[in-house]
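Trainee: Okay, handing you the structure first.
The values are calculated or read from the model by the stated rules, or taken from the named source; none is laboratory data. Only a predicted model underlies this, so the values are computations on that prediction, with no experimental measurement involved. Note that each Cβ is placed from the backbone with ideal geometry, even for glycine, and that neighbours are counted across all protein chains shown. Surface accessibility is based on the protein's heavy atoms, side chains included, excluding ligands, DNA and RNA. Shrake-Rupley method; radii C 1.70, N 1.55, O 1.52, S 1.80 Å.
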Amino acid sequence: MIDDGKVMTEHNIRLTASEMGFLWTQYENDTLTRCVLKYFKNKCEDKEILPIIEYSLDVTEKNIQELTGIFTNEKIPIPVGFTDEDVNINAPKLFTDIFKLYFLQNLAIIAMAGAGVAIGVSSREDVSKFFQKTLEEAKTLHDMCRKVNLSKGTYIRPPYISNPDKVHFVSKQRFLFDFFGKRKRPLTAIEITHLFINIQTNSMGKAMMMAFAQVCKGEDVKEFFIEGKGIANKHLKKFSSFLADGDLPAPMSWDSHVLDSTVAPFSDKLMMFLTTAMIATGIGNYGTAAGTCERMDLSATYTRLSAEITLYAEDGANIMIRHAWLEEPPQADDRQALIKQPK
């Protein structure tokens, strides 16, 4: 506990809804990540990548212990999350070691974004410090992944563009509203960035769903992953076409990093949760891109594709509900139910 924990106890400072929500989500994510990392560690052969997996696993284990302590002190039920029953560390290798490195780098990016928001809404000292620590550890993880990717020549860089020769100001509305012309204005650096990010995340999503479809047990789960692979592939082609139309290169696919094993390293529950979590991240990425891209045809595309993956995410939630895999987050009191409760 922190230095002023005694003062906090004396004043009985409760967790806010935001703090409770972020801590609950962190526990779910960390218990899932622990399962994935245990499998990755057992199957990793690369001596440069293995220490990164071990670092991540150590951080995750400590986070779970700290979160368990907070929940216990607050008399909040500890979430079920994910356990050793959700992972088979002895399953054959399903991903290359390079894919594991990409996965960890993407995990670090998501963790940095999540911790930043959590810090902004955390008022209690212990919770704020926990997420500050989480942010620092995510930054360290990302830096470790970046350096190893650079040393191996596997780092995927965004496209390059020429340096501007002078400052320009927009003089025509065509800069924004450019739907129908055969010759669109060139993409801005910001628009290129979001296309690159969304190509990257869809590439990882497609590869993961292809792998999960190979190994999952439930027929409804398999159909969900196959549909998701098709959606991701369609979105990849759409985003890549924007870059190609601007004579810019698109990042390569990660399909070749999925191996031919058909033995599941993870439970269907874990694979469904991980997929729906990635979909949620994708919806957030699309929203950010739509809000910052100044070419309206791009913004319209993000909005349309976001609606498509939102419906797909609903299908995933229904599957998880049907199998009793979807754990409820903490909720506000149902005042109407309390009022109607027999006395």
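Trainee: Going residue by residue through segment 287-300, is there one that turns out to be more than 21 Å from the chain's Cα centre (by Cα), open to solvent by less than 20 Å² (accessible area, probe 1.4 Å), in contact (Cβ under 8 Å) with a residue 40 or more places away in the chain and closer than 25 Å to residue 83 by Cα?
Mentor: Within segment 287-300, not a single residue is more than 21 Å from the chain's Cα centre (by Cα), open to solvent by less than 20 Å² (accessible area, probe 1.4 Å), in contact (Cβ under 8 Å) with a residue 40 or more places away in the chain and closer than 25 Å to residue 83 by Cα.
Trainee: Would you point out the residue of segment 122-140, among those that are in a helix (DSSP H, G or I) and of a type in the set (Ser, Thr, Tyr), that is surrounded by the most Cβ atoms within 10 Å (Cβ to Cβ)?
Mentor: Looking at residues that are in a helix (DSSP H, G or I) and of a type in the set (Ser, Thr, Tyr), I get 134.
Trainee: Please go through segment 304-343 and give me each residue that is surrounded by 10 or more Cβ atoms within 10 Å (Cβ to Cβ), of a type in the set (A, V, I, L, M, F, W, C), in a loop (DSSP other than H, G, I, E, B) and more than 18 Å from the chain's Cα centre (by Cα), ordered by number.
Mentor: Matches in segment 304-343: 325 only.
Trainee: Output yes when any residue across segment 147-155 is of a type outside the set (S, T, N, Q), assigned to a helix (DSSP H, G or I) and surrounded by 18 or more Cβ atoms within 10 Å (Cβ to Cβ), and no when none is.
Mentor: Scanning segment 147-155 turns up at least one residue that is of a type outside the set (S, T, N, Q), assigned to a helix (DSSP H, G or I) and surrounded by 18 or more Cβ atoms within 10 Å (Cβ to Cβ).
Trainee: Could you look through segment 12-34, keep only residues that are among the polar types (S, T, N, Q) and not in a helix (DSSP H, G or I), and pick out the one that is surrounded by the fewest Cβ atoms within 10 Å (Cβ to Cβ)?
Mentor: 12
Trainee: Any residue at all in segment 35-46 that's surrounded by 15 or more Cβ atoms within 10 Å (Cβ to Cβ), more than 22 Å from residue 146 (Cβ to Cβ), of a type in the set (S, T, N, Q) and at pLDDT 95 or above?
Mentor: So far as segment 35-46 goes, yes, one or more of its residues are surrounded by 15 or more Cβ atoms within 10 Å (Cβ to Cβ), more than 22 Å from residue 146 (Cβ to Cβ), of a type in the set (S, T, N, Q) and at pLDDT 95 or above.
Trainee: Under 17 Å from the mean Cα position of the chain (by Cα), of a type outside the set (Asp, Glu) and surrounded by 14 or more Cβ atoms within 10 Å (Cβ to Cβ): which single residue out of 229, 238, 222 fits that description?
Mentor: Checking each option against the conditions leaves just 229.
Trainee: Can you pull out every residue in segment 92-121 that is in contact with a Ser or Thr (Cβ under 6 Å, 6 or more places away or on another chain), surrounded by 22 or more Cβ atoms within 10 Å (Cβ to Cβ) and farther than 24 Å from residue 259 by Cβ?
Mentor: The one that is in contact with a Ser or Thr (Cβ under 6 Å, 6 or more places away or on another chain), surrounded by 22 or more Cβ atoms within 10 Å (Cβ to Cβ) and farther than 24 Å from residue 259 by Cβ: 115.
Trainee: Return a yes/no flag: does segment 301-316 have any residue that is in contact with a Phe, Trp or Tyr (Cβ under 6 Å, 6 or more places away or on another chain) and more than 25 Å from residue 212 (Cβ to Cβ).
Mentor: There is at least one residue in segment 301-316 that is in contact with a Phe, Trp or Tyr (Cβ under 6 Å, 6 or more places away or on another chain) and more than 25 Å from residue 212 (Cβ to Cβ).
Trainee: Under 6 Å between Cβ atoms, at least 6 apart or on separate chains: pull out the pairs that start in segment 327-338 with a residue that is farther than 27 Å from residue 28 by Cα and end on any residue that is modelled with pLDDT of 80 or more and open to solvent by less than 90 Å² (accessible area, probe 1.4 Å).
Mentor: The qualifying pairs do not exist here.
Trainee: A follow-up question, please. Please verify whether segment 86-99 includes one or more residues that are at pLDDT below 95, of a type in the set (S, T, N, Q) and more than 25 Å from residue 70 (Cα to Cα).
Mentor: no
Trainee: What number of residues within segment 47-58 satisfy the criterion of being open to solvent by less than 30 Å² (accessible area, probe 1.4 Å) and not hydrophobic (A, V, I, L, M, F, W, C)?
Mentor: 1
Trainee: Return the residue satisfying two criteria in turn: it lies in segment 59-91 and is out of contact with any strand residue (DSSP E or B) (no Cβ under 8 Å at 6 or more places or on another chain) and of a type in the set (Asp, Glu), and of such residues it is surrounded by the most Cβ atoms within 10 Å (Cβ to Cβ).
Mentor: For segment 59-91, the residue satisfying everything is 66.
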